[in-house]
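Here is the structure we will look at, set down as structure tokens.
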Amino acid sequence: MQKQRICILGSTGSIGVSTLDVIARHPERYEVFALTAHSQVQKIAQQCLEFGPRFAVVANEARAKELKEMFAELKISTQVLFGSQALCDVASADECDVVMAAIVGAAGLPPSLAAAEAGKRILLANKEALVMSGQLFIDAVAKNKATLLPIDSEHNAIFQCLPSTFQRDLQVSGIEKIILTASGGPFLHRDIGSLSDVTPAEAIAHPNWVMGRKISVDSATMMNKGLEVIEAHWLFGAAHDKIEVLIHPQSLIHSMVSYSDGSLLAQLGNPDMRTPIAYGLAYPERINSGVEALDLSQFLQLNFFKPNFERFPCLRLAYEALRVGGAAPAILNAANEIAVEAFLSAKLGFMQIEAVVAETLGQIASSSLPDLTAVLEIDQEARQFASHTVARMGA
């Protein structure tokens, strides 16, 4: 068996670390072609020492110099690159077979799109790529015969529950709706009136999943689920009224598909990202992920209920952005990134995140996005507006 050569965009984050864990369990199947990180130089150096990739990419020249010095001490032969173009270069390189797209936020879009244009197998853990550039990204995948496999636990679960002949048409496949499950985050039962007092430390303390700071806050506001609704629209060709969100605090059922014959198919498993990662790496085969099998006898009950938009107004905003279409999802995403960053820096209150996003959506027109330049321009415009809004609200 010829080894698959893997590029991991965002190797020092939780998805990247889990991907390397799965790869390490199957050295006969996979080898690491490139690893990338923004600023965690010491961590990526240790990863390169263990996995010996051909390339390591960091954010800027200063980080690259620091990494080269570490490599010299550790006698690592990996070539060091830096900058956004280098991310695109390793993601689209001829020697690369599979790209794990796990850079959080808008920064992950250009290299993910480059991988699509190069016809790679893309394991998409960066939901912002589809949220920002939906049609553009899907068209690039189709035009260049790339393979797009969702890695978010919810979308991966849906993918596993779809018929093997599925072609992004729910009606033809007899599908009534797609159901995304959500844990509800750390504030599911907290008094709504006290949410304005939420601290960053409380917001990032997710009850079920180990995730980065930004995505943990998105889970607490349920913006993360809103972005997943938009992503599901593009991945599966589902209209907004065919995508339902159900809160499921146990996080054992990762998502479901409802069929016209009354069947409801669900994918279950322990809340560990190595399961969808292993599924994406080996698809259509299944391999050991390192995750223990789920023992349902240990759980007395599974609960489900509809989300409260008063408690989770960001989810409502995401549905509205999807209905509007055009640039609205990109504007939503950009404003949310700015607002969450401000909250984590104690410049903005927790409940003001939604206010910043709502004001930005209301003030910037939703235009069409014919190319990457247009996507990045509207992203920048929304970020500037949101930053000014944060400065005014935080004053």
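For region 241-277, how many residues meet the condition of being of a type in the set (Lys, Arg) and under 26 Å from residue 321 (Cβ atoms)?
1
Quick check on region 306-326. Is at least one of its residues out of contact with any Phe, Trp or Tyr (no Cβ under 6 Å at 6 or more places or on another chain), without any contact (Cβ under 8 Å) to a residue 40 or more places away in the chain and farther than 16 Å from residue 220 by Cα?
No: region 306-326 contains no residue that is out of contact with any Phe, Trp or Tyr (no Cβ under 6 Å at 6 or more places or on another chain), without any contact (Cβ under 8 Å) to a residue 40 or more places away in the chain and farther than 16 Å from residue 220 by Cα.
Determine whether region 137-150 contains at least one residue that is farther than 28 Å from residue 17 by Cβ, of a type outside the set (Asp, Glu), touching a residue at least 60 places away in the same chain (Cβ under 8 Å) and not assigned by TED's automatic domain parsing to the domain that holds residue 207.
yes
Looking only at region 287-305, how many residues end up being surrounded by 11 or more Cβ atoms within 10 Å (Cβ to Cβ) and either without any contact (Cβ under 8 Å) to a residue 24 or more places away in the chain or polar (S, T, N, Q) (or both)?
3
Among the residues of region 348-362, is any closer than 24 Å to residue 203 by Cα, surrounded by 15 or more Cβ atoms within 10 Å (Cβ to Cβ), of a type in the set (Ser, Thr, Tyr) and in contact with a Gly (Cβ under 8 Å, 6 or more places away or on another chain)?
no
Search region 166-190 for residues being in contact (Cβ under 8 Å) with a residue 40 or more places away in the chain and of a type in the set (Lys, Arg), and hand back the single one that is surrounded by the most Cβ atoms within 10 Å (Cβ to Cβ).
Result: 177.
Just checking, does region 200-217 include any residue being farther than 30 Å from residue 295 by Cα and free of Cβ contacts under 8 Å to residues at least 40 places away in the same chain?
Taking every residue of region 200-217 in turn, at least one turns out to be farther than 30 Å from residue 295 by Cα and free of Cβ contacts under 8 Å to residues at least 40 places away in the same chain.
Would you list the strands (runs of 3 or more DSSP E) that sit entirely within region 57-170 and hold 1 or more residues that are under 22 Å from the mean Cα position of the chain (by Cα) and either more than 29 Å from residue 367 (Cα to Cα) or not polar (S, T, N, Q) (or both)?
The qualifying strands (runs of 3 or more DSSP E) are 98-101, 121-124, 147-150.
Which members of region 188-224 meet the condition of being touching a Ser or Thr at 6+ places or on another chain (Cβ under 8 Å) and either basic (Lys, Arg) or modelled with pLDDT under 85 (or both)?
205, 206, 207, 208, 209, 210, 211, 212, listed by residue number.
Condition test on residue 316, is it of a type outside the set (A, V, I, L, M), in the same structural domain as residue 202 (by TED's automatic domain parsing) and either farther than 23 Å from residue 193 by Cα or in a helix (DSSP H, G or I) (or both)?
yes
Looking at (1) at positive phi; (2) of a type outside the set (Phe, Trp, Tyr); (3) crowded, with 19+ Cβ neighbours inside 10 Å, which one does residue 86 not meet, given that it meets all the others?
The one condition residue 86 does not meet is (1).
Could you check region 50-77 and list, in sequence order, the residues that are in contact with a His (Cβ under 9 Å, 6 or more places away or on another chain) and small (Gly, Ala, Ser)?
If the condition is that a residue be in contact with a His (Cβ under 9 Å, 6 or more places away or on another chain) and small (Gly, Ala, Ser), then 59 is the only one that fits.
Please verify whether region 309-318 includes one or more residues that are aromatic (Phe, Trp, Tyr) and either surrounded by 15 or more Cβ atoms within 10 Å (Cβ to Cβ) or under 19 Å from residue 238 (Cβ atoms) (or both).
yes
Condition first: within 19 Å of residue 214 (Cα to Cα) and among the polar types (S, T, N, Q). Now tell me which residues in region 127-169 satisfy that.
The one that is within 19 Å of residue 214 (Cα to Cα) and among the polar types (S, T, N, Q): 153.
From the list 57, 80, 41, 22, pick out the single residue that is closer than 27 Å to residue 153 by Cβ, without any contact (Cβ under 8 Å) to a residue 40 or more places away in the chain and in the same structural domain as residue 121 (by TED's automatic domain parsing).
Within the list 57, 80, 41, 22, the selection yields 57.
Looking only at region 112-129, decide whether some residue is in contact with a Phe, Trp or Tyr (Cβ under 8 Å, 6 or more places away or on another chain) and among the β-branched types (Val, Ile, Thr).
No, region 112-129 has no match at all.
The values are calculated or read from the model by the stated rules, or taken from the named source; none is laboratory data. These figures come from a predicted structure and were not determined experimentally. Here the Cβ is made from the backbone with ideal geometry for all residues, glycine too, and neighbour counts use every protein chain on show.
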